[in-house]
1. Pairs, please: C-beta under 8 Å, at least 6 apart or cross-chain, first residue without any contact (Cβ under 8 Å) to a residue 40 or more places away in the chain and in the stretch 70-85, second among the aliphatic types (A, V, I, L, M) and in a helix (DSSP H, G or I)?
2. Only one of Phe51, Phe103, Phe65 is within 30 Å of Gln241 (Cα to Cα) and away from ligand 2 (no atom under 16 Å from the Cβ); which?
3. Please verify whether the stretch 205-219 includes one or more residues that are within 16 Å of ligand 2 (Cβ to nearest atom), free of Cβ contacts under 8 Å to residues at least 60 places away in the same chain and within 15 Å of the chain's Cα centre (by Cα).
4. Are any of the residues in the stretch 22-30 near ligand 1 (Cβ under 10 Å from one of its atoms) and more than 21 Å from Asp225 (Cβ to Cβ)?
5. Under the condition of being farther than 28 Å from Glu205 by Cβ and more than 16 Å from ligand 1 (Cβ to nearest atom), which residue from the stretch 35-88 is surrounded by the most Cβ atoms within 10 Å (Cβ to Cβ)?
6. List the residue pairs whose Cβ atoms are under 6 Å apart, where the first residue sits in the stretch 26-40 and is more than 18 Å from Leu70 (Cα to Cα), the second is among the small types (Gly, Ala, Ser) and within 14 Å of ligand 1 (Cβ to nearest atom), and the two are 6 or more positions apart or on different chains.
Amino acid sequence: MTVDGGRARAGAGQGGAQAAAPAVALRGASLAFGPRTLWSGLDLDISPGEFFAVLGPNGSGKTSFLKVLLGLRRLTSGSAVIAGRPAGSAGRDVGYIPQQKGFAADASLRARDLVGLGVDGHRWGIRLSRRKADVEIDGLLERVGASDYAKVPVGQLSGGELQRLRVAQAIAGGPSVLLCDEPLLALDLNHQQAVSALIDRQRAETGAAVVFVTHEINPILDYVDRILYLAQGQFRVGSPQEVMTTEVLSDLYGSRVEVSRVNGRIVVLGLPDATTHLHHDHTHAALALDQNAEEGEA
Ligand SMILES: Nc1ncnc2c1ncn2[C@@H]1O[C@H](COP(=O)(O)OP(=O)(O)OP(=O)(O)O)[C@@H](O)[C@H]1O
Ligand SMILES: [Mg+2]
C-alpha cells in the first residue's frame, strides 16, 4: 500500500531495516448508531510517521473515528489496534487534541498550567518532581512558540495561541500516535499554517503517526500522505491525488461534485446542501485563493 506519496520522510521510520508495526490497524471495522451506519468494512493500516487526514461533512463520523481509536467508542464490529495495543489501552503512547472548546474569559488557569496537565497526566505511576515537570513544560512551551505567554491566564488567549498550547499538551511524553480533531477550526490562515507546521514537525522529528481530522484539506495539503474521506456511510482511502477527484467525490456523495486544482490548491464545488460545512469550505477555499493571489503565493 502506498504510504508516503513520494514525499521525503525526514525522521519517519528511522533506525531499522525491519518493517515497523502499524501505528493504527483496523480490521473489518464498522461503526453504527442504531440503524445508521457511519462506516463498515474498514481495513486500514496507518504507518509510523504517516500524516493521515480524515475528511468528510458534518456528522459523517470523523470525531467518532478518533473516539474509536481512543477507546471511547466501541466498534460495532471488527478490531482496532493503536500503538500495538487494543484501542483504549495505549496510554501515553497516544496524544489527543480534542475538538476546540474555549475557556471562560475569567478562567484562572495559566498557559503553562494547561501544558502541565499533559505532562503530569502522562506520568501516572511515578510522579515527576516539580523541577523535572517544570523543565519539561518549559521545553514544550518553547517547542510550540508559547514561552512568551506562559503565565497568561488561558481565558485571555487568542484561538491561535490556545491551539499551540493544545499541541504542546498532546505531544507531552512523545506519543507515537497523535490524534487531532479539527485543530485548525476558527484559526486564520497564518495560524492554520503555523499549527499544521508544528504538528508536522512533531511527526517528522519523532516518527509519530498523525491522524488529522479536518474540514479543509488545503492548509495541510503539503503534509498529507493519505486521506480517509467519509460521506453518506461510505469511505475512500488514498492519496490526495487519488481521493480528491471529481469521480471519487461524485461517487461518494451520489451527486455531481466538481474538484479542480487552482494554484496548487484543491477547490471542491457542488457539494450537497445538507452537508453544512461545505459552504464554509467554499468560503475558505475562495478566501485562500484570494489571499494567495494577493500574496503571489504558489
Ligand atoms: N453516542 C452516540 N449515539 C448516537 N449517535 C451518535 C453518538 N455519537 C455520535 N453520534 C452521531 O454519529 C454521527 C457522527 O458524529 P461525529 O461527531 O463523529 O461526526 P463528525 O464527522 O465529527 O461531525 P462534525 O464535522 O460536525 O464534527 C452524528 O450524526 C452523531 O449525531
Ligand atoms: Mg467532529
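The numbers here are math on the coordinates, done by the rules we state, and not lab data. All of these numbers come straight from a predicted model, not from anything done at the bench. Heads up, the Cβs are rebuilt from the backbone with ideal geometry, glycines too, and the neighbour counts pull from every protein chain shown.
1. Every condition considered, the pairs that remain are Arg74/Val68.
2. Phe51
3. no
4. Taking every residue of the stretch 22-30 in turn, none turns out to be near ligand 1 (Cβ under 10 Å from one of its atoms) and more than 21 Å from Asp225 (Cβ to Cβ).
5. Gly78
6. Thr37/Gly233; Ser40/Ser30
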